[in-house]
Amino acid sequence: MTTTNRPVQTARSADGTPIAYEPSGEGPPIVLVGGAFNDRTTAQPLAAALAPHFTAYTYDRRGRGDSGDTAPYSADREVDDLAALIDAAGGSAYVYGLSSGAILAARAAAQGLAITGLALFEPPYAVDGRAGSRPDLAAALAELVAADRRTEAVELFMTSAVGLPDEAVAGMRHDPSWSFLERMAHTLVYDTTITGDGTLPRDELAAITAPTLVVDSTASPDWLRQATQRTAEAVPGARRLSMAGGYHEVPPADLAVELRRFFLG
């Protein structure tokens with residue numbers, strides 16, 4: 001089957017915010033919802049791997065890339081953004097969410113969006129004794145961003161939300177990708193707002209009716225793998241899948257195979 005790349009397009013969210021998206025491939029639609037430090041470009045490897053079997057929709061979540069950023073921010077507005085993408089895809093779609101994007105996708109499914117199938121990769125809920133995010137983390141990040149202290153905001157997120165040691169984060173500052181992370185710093189407020197204190201929302205997850213696959217990487221830390229397991233237990237009929245990969249990631253080609261197998265049989 002041939003694949004088709006199309007120009008960047010724009011959907012309008014319920015509050016009028018323009019949301020930039022880029023469809024590629026041929027087949028039933030699947031919307032890819034990124035997590036922290038993600039925009040539509042970071043999802044392109046997975047979109048390309050899915051393109052022979054799906055029309056993959058990558059998009060810039062609000063505040064990122066070519067999308068708008070209407071204030072005030074709320075997680076429900078991001079659900080509206082996803083609804084606009086699903087409408088643009090034809091009115092219903094499969095949805096894949098990564099990390100905080102998985103929490104967002106699960107919330108959207110629980111609220112009844114036209115999601116024909118759902119895949120969640122390592123939603124970062126706080127389970128297995130992990131304390132979860134600091135209750136004031138979103139506010140602390142917002143204060144740093146407002147003061148244009150983006151380096152400190154990225155460092156705070158990496159240590160407090162991701163759990164990396166200070167020395168590891170210090171080493172990352174020499175990587176060429178650090179400037180990209182700093183440009184995304186203001187959206188970390190949004191990701192931490194979505195995650196909240198990390199409590200597993202059992203009632204919300206229990207309301208999901210779409211067929212659901214919950215995935216983790218065998219190389220991820222135990223708390224993320226436990227969060228994956230607890231999520232799978234909370235969603236009615238969900239399937240849990242562990243895949244060989246790296247820290248909070250698996251090879252896009254391998255993941256695409258499993259998504260195709262789960263969604264299309």
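The values are calculated or read from the model by the stated rules, or taken from the named source; none is laboratory data. These numbers were taken from a predicted model, which means no experiment stands behind them. With ideal geometry, Cβ positions are generated from the backbone for all residues, glycine too; neighbour counts draw on all protein chains shown.
Exactly one of (1) closer than 25 Å to Gly245 by Cα; (2) in the same structural domain as Val95 (by TED's automatic domain parsing); (3) at pLDDT 95 or above; (4) surrounded by fewer than 22 Cβ atoms within 10 Å (Cβ to Cβ) is unmet by Thr212. Its number?
(4)
Being assigned by TED's automatic domain parsing to the domain that holds Gly35, within 24 Å of Ala105 (Cβ to Cβ), out of contact with any Cys (no Cβ under 6 Å at 6 or more places or on another chain) and touching a residue at least 12 places away in the same chain (Cβ under 8 Å) narrows it down to one of Ser160, Ser220, so name that one.
Ser220
Among the residues of the stretch 88-105, is there at least one that is surrounded by fewer than 24 Cβ atoms within 10 Å (Cβ to Cβ) and within 12 Å of the chain's Cα centre (by Cα)?
No, that holds for no residue.
In this structure, is Thr195 crowded, with 19+ Cβ neighbours inside 10 Å, more than 30 Å from Arg239 (Cβ to Cβ), modelled with pLDDT of 90 or more and hydroxyl-bearing (Ser, Thr, Tyr)?
Considered against the rule, which asks whether it is crowded, with 19+ Cβ neighbours inside 10 Å, more than 30 Å from Arg239 (Cβ to Cβ), modelled with pLDDT of 90 or more and hydroxyl-bearing (Ser, Thr, Tyr), Thr195 comes out as no.
Table: residues versus (1) farther than 30 Å from Ala51 by Cα; (2) at pLDDT below 95; (3) not assigned by TED's automatic domain parsing to the domain that holds Pro28.
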{"site": "Leu188", "(1), (2), (3)": "no, no, yes"}
{"site": "Arg230", "(1), (2), (3)": "yes, no, no"}
{"site": "Arg240", "(1), (2), (3)": "no, no, no"}
{"site": "Met243", "(1), (2), (3)": "no, no, no"}
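Among the listed residues Glu122, Glu182, Glu152, identify the single one that is within 30 Å of Pro211 (Cα to Cα) and among the acidic types (Asp, Glu).
After ruling out the rest, the residue left standing is Glu122.
Can you tell me how many residues in the stretch 16-49 are under 30 Å from Val189 (Cα atoms), buried (at least 16 other Cβ atoms within 10 Å of the Cβ) and either in contact (Cβ under 8 Å) with a residue 60 or more places away in the chain or among the acidic types (Asp, Glu) (or both)?
The qualifying residues number 18.
With Ala147, Ala110, Ala84, Ala140 as the choices, which residue is of a type in the set (A, V, I, L, M, F, W, C) and closer than 20 Å to Asp60 by Cα?
So the residue among Ala147, Ala110, Ala84, Ala140 that is of a type in the set (A, V, I, L, M, F, W, C) and closer than 20 Å to Asp60 by Cα is Ala84.
Give the residues of the stretch 96-128 that are of a type in the set (Ser, Thr, Tyr) and on the phi < 0 side of the Ramachandran plot, sorted by residue number. Please lay out each step first, then the result.
First, the residues of the stretch 96-128 that are of a type in the set (Ser, Thr, Tyr): 96, 99-100, 116, 125.
Tyr96, Ser100, Thr116, Tyr125, listed by residue number.
Determine whether Ser242 is within 28 Å of Val257 (Cα to Cα), without any contact (Cβ under 8 Å) to a residue 40 or more places away in the chain and polar (S, T, N, Q).
Answer is yes for this residue.
State whether one or more residues within the stretch 141-161 are crowded, with 24+ Cβ neighbours inside 10 Å and in contact with a strand residue (DSSP E or B) (Cβ under 9 Å, 6 or more places away or on another chain).
No: zero hits.
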